[in-house]
1. Measure of size requested: the Rg and Dmax of the stretch 138-269, with Cα atoms as the atom set and Å as the unit; please supply both.
2. How would the stretch 201-243 be classified by its alpha-carbon gyration tensor: rounded, prolate or oblate, with rounded meaning a/c under 1.5 and the a/b versus b/c comparison settling the rest?
3. Simple spin-label model, 7 Å along Cα-to-Cβ: Lys180 to Gln266 in nm?
4. Along the charge dipole of the stretch 204-254, which of Phe211, Gln240, Ile228 sits closest to the positive end, that is, farthest toward it, with unit charges on the beta carbon of Lys, Arg, Asp and Glu (+1, +1, -1, -1)?
5. Starting from the Cα-Cα distance between Leu250 and Ser135, subtract it from 0.36 nm times their residue separation and give me the gain in nm to one decimal.
6. Could you check the simple spin-label distance between Lys232 and Met212, using points 7 Å along Cα→Cβ, in nm with one decimal?
7. Once you've got the Cα coordinates, tell me which of Lys181/Lys215; Lys215/Lys265; Lys130/Lys215; Lys130/Lys180; Lys180/Lys265; Lys181/Lys217 are over 30 Å apart.
8. Can you list the residues, at least 5 places off or on another chain, whose amide H is less than 5 Å from the amide H of Lys77, using H built in the peptide plane?
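Just so it is clear, none of the values below were taken in a lab; they were calculated from the coordinates. Predicted model, so just to flag it, every value in this text is computed and none were measured. A quick note on method: Cβ atoms are made from the backbone with ideal geometry, for glycine too, and the neighbour counts reach across all protein chains shown.
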Amino acid sequence: MLESMPKRGLKVTKPCPIAPAYSKFFQFPAIICEPITNSKCPPLSADFKTNLCWVTALSNYDRIKGGAIMNKTDQVKVYQLRVYLRQISPMIWRRLQVRSDSTIADLHYTLQIAMDWDDFHLHQFIIRGKRYGESRVGGILFSDNPCQIRLGGFGFRQNERFLYEYDLTDRWEHEIRIEKKLSMDPQTTYPVCIGGARTAPPEDCGGPWAFMALKQKYSLWYIADRLIEIIKKNDVDDYQEELLEYQYWLHVNNFDRQAVNQRLKQYAAGDDAWQCQ
């Protein structure tokens with residue numbers, strides 16, 4: 001196998017004897033041994049003292065994770081994603097553009113911002129039958145580090161789909177489709193939202209069917225009648241919580257793309273202000 005790998009000037013004559021021990025810490029297969037002078041490897045047998053080895057994939061690959069290899073020399077592309085919430089009508093959707101070197105963790109936060117979720121609940125991606133995400137105490141444990149899995153490593157095909165689930169109780173299922181593969185625009189900050197419709201459901205409302213029932217209940221006519229009743233009682237302060245709830249339902253068909261992109265730019269710049277809505 002070693003002989004078939006691209007060496008790029010490295011002479012690899014024997015497998016590294018310490019590869020199995022170190023590969024479990026780095027979480028990628030030990031497939032390349034690079035001779036390094038003054039290596040800090042543990043003492044080796046006499047056969048290897050003149051050819052000290054260090055396990056590395058960075059000399060040839062930027063990422064080797066879960067069988068998905070992203071070549072270090074691969075040109076960074078842009079994936080255009082169409083995201084929509086299943087089982088809701090009319091459709092709640094977003095169109096996003098993300099870099100191919102974005103990680104699974106980046107995509108998680110991008111979706112949280114785009115949908116205006118609060119990231120209070122567990123989540124998971126299901127890509128080609130395998131689950132990815134950020135492990136949480138008392139929640140799902142994932143075998144891969146989401147900060148090391150890059151989207152480009154999957155080699156997504158155009159129109160390929162995968163799933164992002166948020167809040168495993170209410171089960172908000174986001175279907176994600178690869179619409180296009182584009183070249184980078186140096187004038188654009190990624191990720192960026194280029195389209196969308198309607199506000200995402202409120203947290204903890206019970207899931208898609210409960211949301212649809214609430215939407216039908218809180219019609220404009222219902223809210224108008226309740227506002228008239230509250231005004232007649234001349235005691236608005238006692239109804240602040242109810243009025244805030246009505247504010248959401250009055251704007252349920254709106255989508256503020258500018259506000260989303262402002263937060264996405266803050267996230268891309270490493271500005272923690274993106275977490276303050």
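1. Computed over the Cα atoms of the stretch 138-269, radius of gyration and Dmax are 20.3, 62 Å.
2. The shape class here is oblate.
3. In this crude label model, Lys180 to Gln266 measures out at 2.9 nm.
4. Looking along the dipole axis, the top candidate is Phe211.
5. 37.8 nm
6. According to this spin-label approximation, the distance is 3.4 nm.
7. Lys181/Lys215; Lys215/Lys265; Lys130/Lys215; Lys181/Lys217
8. Ser100, Asp101
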